[in-house]
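Colleague: Below is the structure I would like to discuss, written out as structure tokens.
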Amino acid sequence: AFLRGHDAAADRLPVSVPEIAPALAPKLTPPRYSSPIAPVWIPPPSLPRGHPVVPQRPVFPQLVRAAGIIFSGRVTSIGRAPSSPGQVSSSTTVTFQVEHAMRGTSPGQSLTIHEWGGLWTGGERYRVGEHVLLFLYAPSKLGLTSPVAGALGRFAMDSQGGVVLNAQHVATLAADPILGGKTKVPYAVFIRAVRRSSGEE
């Protein structure tokens, strides 16, 4: 279930969440760590061309419900924070200038998030000046967060302010009535999909 986020036994109590469609749930063996850290949902392998897997039910509403913070913005700085009690490694700090806020933040805010350092090492990186739209888990007791469902919770923004869907988004969100089959959508259309999925429309 990808809605568990990065909660760990030493962090927060388990939360009951909806199940992801069986066709999308990766069969993973839980990694072993010397001490509790924030587990990360690993996206399914790249899909072969011409053979998209159509979800049995819409996944986008699950993505929306699992997010404590939803916004689009520009990366203004990236740094490292030393480990603190309860953490097994240092964290990466990423600061954004929030441009559009949907949940958990405000337009114009300078928002700094803390991600487990292993995400950066594993290839989930940002660059200064990059424009992104993020679905983030609410910060844990250790102050850590990450995109919901890994790469599924992160969207690129183009120079016109449109939301870009990569190949994984297109395949996974194929059943969504608004986003299904699209590789790029205007921001207003994307917001409509978010509101619809959260029951606001």
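Colleague: Can you send over the solvent-accessible area of H100, 1.4 Å probe, protein chains only, in Å² to the nearest 10?
Modeller: 80
Colleague: Given contacts defined as C-alpha pairs under 8 Å and at least six residues apart, what's the relative contact order of the stretch 113-197, whole-number percent?
Modeller: After rounding, I find 20 percent.
Colleague: Determine, from the Cβ-Cβ distance of T76 and N166 and an R0 of 22 Å, the FRET efficiency 1/(1 + (r/R0)^6), rounded to the nearest 0.05.
Modeller: FRET efficiency, T76 to N166: 0.40.
Colleague: For a label point 7 Å from the Cα of S198 along Cα→C-beta, name the residues of the stretch 125-139 whose backbone N is under 14 Å from it.
Modeller: 134-138, by backbone N distance to the label point.
Colleague: Follow-up. Compute the distance in nm between two label points, each set 7 Å from the Cα along the Cα-to-Cβ direction, one at S90 and one at R127.
Modeller: Roughly 2.2 nm, to one decimal.
Colleague: Could I have the simple spin-label model distance between Q109 and V189, label points 7 Å from Cα toward Cβ, reported in nm to one decimal?
Modeller: Result: 2.9 nm between the two label points.
Colleague: Could I ask something else about it? When the accessible area of the stretch 109-178 is computed with all protein chains present and a 1.4 Å probe, what percentage of it is carbon and sulfur?
Modeller: The nonpolar share, carbon plus sulfur, comes to 56 percent.
Colleague: As a test of reading the structure, rank K184, K141 by solvent-accessible area (1.4 Å probe, protein chains only), most first.
Modeller: Ranking K184, K141 by accessible area, largest first, yields K141, K184.
Colleague: Counting Lys and Arg as +1 and Asp and Glu as -1, what is the net charge of the other residues whose Cβ lies under 11 Å from the Cβ of A156?
Modeller: The answer is 0.
Colleague: Once you list every other residue whose beta carbon is under 12 Å from the beta carbon of L165, what net charge do they have if Lys and Arg are +1 and Asp and Glu are -1?
Modeller: Residues close to L165 contribute a combined charge of +1.
The values are calculated or read from the model by the stated rules, or taken from the named source; none is laboratory data. For clarity, every value in this text was computed on a predicted model and none was experimentally measured. When we count neighbours, we look across all protein chains shown, and the Cβ atoms used for this are built from the backbone with ideal geometry, even at glycine. Calculation scope for accessible area: heavy atoms of the full protein, side chains included, ligands and nucleic acids excluded. Shrake-Rupley method; radii C 1.70, N 1.55, O 1.52, S 1.80 Å.
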